[in-house]
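Scroll down for the structure; my scribbles are underneath it.
The values are calculated or read from the model by the stated rules, or taken from the named source; none is laboratory data. The structure presented is a predicted model; accordingly, all values stated were derived computationally and were not measured. Cβ atoms come from the backbone with ideal geometry, glycine included; neighbour counts cover every protein chain shown.
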Amino acid sequence: MPVDLIVAFVAIAILSILAGVAVNGLLKASRDDVASGDDVMARAAHVGDSRMPEFIAARMRARRAMKVRAELPDALDMVSNSLSAGLTLPQALLRNIDHFPPLVAEEFARILYDTRLGYSIGGAFDNFGSRLPIADVQMVVIASKIGVAHGGNLAESYRMLSTLLRDNMAFEDELRAMTTEGRMQALVMSLLPLVMIVLLGLVKRDLVSPLFTTIAGLCTLAVLLTMQGLAYLWIRKIVDIKV
């Protein structure tokens, strides 16, 4: 493969990354403006600021939260069985801690550790909800606090929550399967112009070379990559259905 063609591919990749970072920054600035009333343009001026560590940490936290969420139904079933046998909530957690799935076991172990530090069981569950601010965990926190503070059949509440969480995850899996075509279309339509440029470069280099050797060509590439990035995000937003 010619060296100049390799350089062209690298340039396209770099421009794609820069366009994605810019669009992501502008979208985040818009969301922050809606939430806090700040000036969007003032935030957009800082799009180039490095937020990669924060982004990576947020992605890791979200991924861990989703894994904990997937493990919660089995853990709730085990706790529910122990509560039905007459154990208190801390005793039920301690009894099953070695049998929980790994991430849930870690979180429930931290709940027990918080109670040893002086937190009430409700306060320990509040800390659990603060560490994992997702709806499913918040439901478990609320049910636990109400069951401990005001009585009631906590075992039955956990059993119903376990069934609800499983049904929600099954529905989301089905919805994700139904929107797979849309996500694939977003990927294919975004990559198609780049693939055509590569193919034309292999067949008729003299037609493609002005894109990388002239100012008008570079501007055209920048506009192309920006529009393709926006189209990709737009399609993904359409098929990203929140439940």
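Just a few scattered comments:
- Residues satisfying the stated conditions in the range 65-78, i.e. closer than 15 Å to Asp136 by Cβ and either of a type in the set (A, V, I, L, M, F, W, C) or not assigned by TED's automatic domain parsing to the domain that holds Phe128 (or both): Ala65, Met66, Val68, Ala70, Leu72, Ala75, Leu76
- The helices (runs of 4 or more DSSP H) found entirely in the range 90-183 that carry 3 or more residues being in contact (Cβ under 8 Å) with a residue 60 or more places away in the chain are 135-150, 154-178.
- Test for Val243: is it at pLDDT below 80, closer than 30 Å to Leu72 by Cα and of a type in the set (Val, Ile, Thr): yes
- Unmet requirement for Asp167, which otherwise passes all of (1) more than 23 Å from the chain's Cα centre (by Cα); (2) modelled with pLDDT of 90 or more; (3) not polar (S, T, N, Q): (1)
- Residue match in the range 204-225 (condition: under 30 Å from Asp136 (Cα atoms) and either in contact (Cβ under 8 Å) with a residue 12 or more places away in the chain or under 24 Å from the mean Cα position of the chain (by Cα) (or both)): no
- Checking the range 216-238 against the condition returns no match, with no residue being more than 20 Å from Met184 (Cβ to Cβ), of a type in the set (D, E, K, R) and part of a helix (DSSP H, G or I).
- Meets criteria (in contact with a Lys or Arg (Cβ under 8 Å, 6 or more places away or on another chain) and of a type outside the set (A, V, I, L, M)) for Phe128: yes
- Test result for Ala149, within 30 Å of Tyr232 (Cα to Cα) and loosely packed, with under 15 Cβ neighbours inside 10 Å: no
- Filter pass, Met189 being loosely packed, with under 15 Cβ neighbours inside 10 Å and at pLDDT below 80: yes
- Here Ser144 passes the criteria (1) hydroxyl-bearing (Ser, Thr, Tyr); (2) farther than 16 Å from Pro73 by Cα; (3) in contact with a Phe, Trp or Tyr (Cβ under 8 Å, 6 or more places away or on another chain) except the one numbered (2).
- Subset of the range 32-75 [assigned to a helix (DSSP H, G or I) and at pLDDT below 60]: Asp32, Asp33, Val34, Ala35, Ser36, Val40, Met41, Ala42, Arg43, Ala44
- For the range 150-161, the set of residues classified as of a type outside the set (Asp, Glu) and within 12 Å of Leu83 (Cβ to Cβ) consists of Gly152, Asn153, Leu154, Ala155, Ser157, Tyr158, Arg159, listed by residue number.
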